[in-house]
Each structure stands twice: as C-alpha cells, then as structure tokens.
Amino acid sequence: MDWWVDMPKITVELSALAVRRLSRPGWHAVGGVAGLLLRISDTGARYWVLRIRMSGRRRDIGIGSYPEVSLARAREQAREMRAQAREGLDPIESRAAARAALLAARDSRLTFDAAARKCIAAKRAEFRNAKHAAQWESTLSTYASPVIGALPVADVELAHIVTILEPIWTIKTETATRVRGRIEAVLSWATVGGYRKGENPARWRGHLDAVLPKPRKIAKTRHHRALPWPQIGAFMAELRRREGMAARALEFLILTAARSGEVRGATWSEIDQQASVWTVPAERIKAGKEHRVPLCEAAMAVLEALPRFAGNDLVFPAARGGQLSDMSLSAVMRRMNADAVPHGFRSTFRTWAAETTNYPREVAEQCLAHAIPSPVERAYRRGDLFAKRTRLMNEWARYCDTIAPAGEVVAIRGAK
C-alpha cells in the first residue's frame, strides 16, 4: 500500500509548566511535534494523542495518560511514530507487532513449574478424581521441580530428564515411569502451546529407551498380601463377630470383591435394594466405566443391618460423618492378626474362582471391574455378563460361609 502523510501545522511549543496548567476540557495542541495533542475529558482525565493523516485518512493514535507519560516522552514517541509513517509503516500496526513480540518473548520464558500448573489445569477434567490431580502435582514437585522447576520450559533437554530419572529409575521404577510420563505430557502441552520447539526429551520410544533400561526388566513386582482362599471361611466367621463400621465395610468388600475406595465411598443412592444391585459410577472405578455389582444375600444382609444417618448418604460413614479411611479397614485385619491387606481379598476371590470353579476367565475379570485389555475385544463385547456374575458371586458368598477342614487352614487368631 502507498502511504502519504499530511503534516498538520506546527503550533507554538508549550512548556511543561504550561501543559500542567491546561484545564479546559477539549483538545490542546502542545507543539514540538506536529499533531501532538493533550486531550482533557469532561471528568478531568488527560491523555496524549497523536493526530496524523495517512493516505487521506485521519488516524488518532493514543500515546498514554498524562502525567504518567511526561511531555518530553510524549514528544519523543510522537516523533518516532511520524518517522515510521514517513517510511510507509503504520505506527499502530508497528506498535501491535512490538507488543506481540514482547509477549511471545515473555511466554517463551515460561518456567517448567508454571507450565506444569497450566497443563494440570487443562487436564483436570480427564482425571478420575481430585486425588489423581494431586498425585501429578506431588510427583512433579518432588522429582522434577528441584531440577527443572525454575528453568524455562523451552530450555528443558534430555540431560535434565536423565538427571531427574536416573536416581529413582531402578529403585522406584513404577514412580519413575509415572514421573517420566507426566513430564512428557507437560512438555507436549508446552510444545502445542508454542512455549517450546523440537523433540520432547521425555519421550520413551526412540529416545529415553536408548539411555535407560526398560522398566519391565528391572521393576520388582510387588503383590498385595492376600489371604489364601481356603482360609476365607474362618476369617469371615471371626470378622462377623467383630463390631464397628470398618468391620462391616470389610465384610461387604469381601462379598463384592470390590476395591476399598469403592466400598468406602459407596452411597445409598447407588444401591438398588429391591433389585440387589450396587451401581458404582465411572468416576470411582479404576477403569473409568460404570460398574454394576450383583449383591448376594449376605451382602444385602450387611446393608440391611446398618444404621442410616439423616443428611449422610454414605453407606459406611466414619464416626465423624465422612468416609472411612483405608487404614481403618487395615486396622481391623491387624487386630485379627491376618497377614494380608484389604485389597488382597480381590486376589483371594480371583484365585478361588480360577482354582475351584469352571466360570470363564472373563466372568471373574468382570467381577473385579478390570478393563478389557484388547481394544478389539472391547469393541465387540457390549454386555457386562451380569447374570453369570450374579451366579459366581452367590457361589463365592456360600464359600465364604464354609470353614475348610482344620488340616487345610491356618487359624485366624483374634486380638487378646
């Protein structure tokens, strides 16, 4: 575009004192630079404007308020803008480009910690619960922040990632792999957001796998301690003699093969007592999919014997009204001298089903609300095998009432 500038008449150059004395609302030419005006509003607000004509069109360009921008500074900026206009540049567009460049430079210095906060905020909706988000924040704060937290996210390199992971890669392998994945996610977010460029140094395949041993080669599998299935009858008999909400929650956990968090968070609104079905919402299931649990007669008996508290929908509330802690269920088992943990009863159930029943593997897996590993199988299996699961859980409940012959059982000793 061809530009030409219409130069207004140069007025008398006012001094700083004369400008300060101006008070009448309106436009006041201050001289020194053609078109430089002090605008005084009806409320007394004052600000600088450079009036210029470019290609026959008048442009009013704000320079700033007075006295924050002094007379001398206003004249200096006005001269620069007029010089740009004479060279065919639009001063407004030039200023916008400079501001954008400044913002881009500032954004490129976004630190890893700041990027992590933004990434977690963006992903929060996909987390199963607040605890999941807290785990992201905790692991990144503990392991990544001391090394790269204050570093601009654009400057994070492979050497930094190795420094973070090497000390924990062989001794805390599961934690280390989670940290790696979360750092990778933060850096991917930063790349898409324009805060960094190039390879993601936390990527595993074709990158970190060249400098760190494969996790599955070094990780030590640690199973939850589980009660051997022949001992479940003796354990249940002793458990039912114990009082307290935690004991009833543990009994219900065993009869449903559910996870501790699912039981402790169970609400009466999730339970259809007429149909004997407990529907656990997707946000409280590890696989992220709603799960229907068939309730056997023994499980229903546990529920029917429980007190109901006005204003509290929890099935197994703690004494103060909130959820029971996971440790409260573990404490029951410690008092019974059982060498196992609550989560281990899922293994007890699964081993019993495999060793003593002819139910297909997928039925037992569905009882445990395990995700189907194959995407093809997930696509074709639309049902939840509810009828078969109901029969299997009823058989499990009957077995839990059976005390095996003494020669096959290690006695469960109650607390003295």
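Give me the residue from region 301-349 that is touching a residue at least 24 places away in the same chain (Cβ under 8 Å) and among the aromatic types (Phe, Trp, Tyr) and, out of that set, farthest from GLN231 (Cα to Cα).
Among them, the one singled out is PHE316.
Mind checking which residues of region 44-74 are assigned to a loop (DSSP other than H, G, I, E, B), of a type in the set (Ser, Thr, Tyr) and at pLDDT 85 or above? I'd like the intermediate steps shown before the answer.
Step one: of region 44-74, the residues assigned to a loop (DSSP other than H, G, I, E, B) are 44-45, 55-56, 66-70.
Adding the requirement that they be of a type in the set (Ser, Thr, Tyr) leaves 55, 66, 70.
Answer for region 44-74, where residues must be assigned to a loop (DSSP other than H, G, I, E, B), of a type in the set (Ser, Thr, Tyr) and at pLDDT 85 or above: TYR66, SER70.
Residues checked against (1) modelled with pLDDT under 90; (2) of a type outside the set (Gly, Ala, Ser); (3) in a loop (DSSP other than H, G, I, E, B):
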position	(1), (2), (3)
VAL332	no, yes, no
ARG346	no, yes, no
PHE349	no, yes, no
ASN358	no, yes, yes
GLU362	no, yes, no
GLU365	no, yes, no
ILE372	yes, yes, yes
LYS388	no, yes, no
ARG391	no, yes, no
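So ARG242 ticks every box in (1) in a loop (DSSP other than H, G, I, E, B); (2) of a type in the set (D, E, K, R); (3) within 19 Å of PHE309 (Cβ to Cβ) but one. Which box is left unticked?
Condition not satisfied by ARG242: (3).
Tell me, which residue of region 212-232 that is among the hydrophobic types (A, V, I, L, M, F, W, C) and modelled with pLDDT of 70 or more is surrounded by the most Cβ atoms within 10 Å (Cβ to Cβ)?
My answer is ILE232.
Is region 99-114 home to any residue that is touching a Pro at 6+ places or on another chain (Cβ under 9 Å), outside any strand (DSSP E or B), at pLDDT below 80 and surrounded by 12 or more Cβ atoms within 10 Å (Cβ to Cβ)?
Scanning region 99-114 turns up at least one residue that is touching a Pro at 6+ places or on another chain (Cβ under 9 Å), outside any strand (DSSP E or B), at pLDDT below 80 and surrounded by 12 or more Cβ atoms within 10 Å (Cβ to Cβ).
Is it the case that ILE285 is under 22 Å from ARG240 (Cβ atoms), surrounded by 15 or more Cβ atoms within 10 Å (Cβ to Cβ) and not hydroxyl-bearing (Ser, Thr, Tyr)?
Considered against the rule, which asks whether it is under 22 Å from ARG240 (Cβ atoms), surrounded by 15 or more Cβ atoms within 10 Å (Cβ to Cβ) and not hydroxyl-bearing (Ser, Thr, Tyr), ILE285 comes out as no.
If I ask for residues that are part of a loop (DSSP other than H, G, I, E, B) and modelled with pLDDT under 95, which ones from region 283-295 would you list?
ILE285, LYS286, ALA287, GLY288, LYS289, GLU290
Can you work out which of the residues in region 188-211 that are touching a helix residue (DSSP H, G or I) at 6+ places or on another chain (Cβ under 8 Å) and modelled with pLDDT under 85 is surrounded by the fewest Cβ atoms within 10 Å (Cβ to Cβ)?
By that ranking, first place goes to VAL211.
Condition (residue is assigned to a helix (DSSP H, G or I), modelled with pLDDT of 95 or more and either under 18 Å from TYR399 (Cα atoms) or not assigned by TED's automatic domain parsing to the domain that holds MET336 (or both)) applied to region 301-310: is it met by at least one residue?
Within region 301-310 (the criterion being assigned to a helix (DSSP H, G or I), modelled with pLDDT of 95 or more and either under 18 Å from TYR399 (Cα atoms) or not assigned by TED's automatic domain parsing to the domain that holds MET336 (or both)), the answer is yes, since at least one residue qualifies.
The values are calculated or read from the model by the stated rules, or taken from the named source; none is laboratory data. The model shown is predicted, which means the values in this text are computed figures rather than measured ones. Using ideal geometry, Cβ is built from the backbone for each residue, glycine included, and neighbour counts are taken over all protein chains shown.
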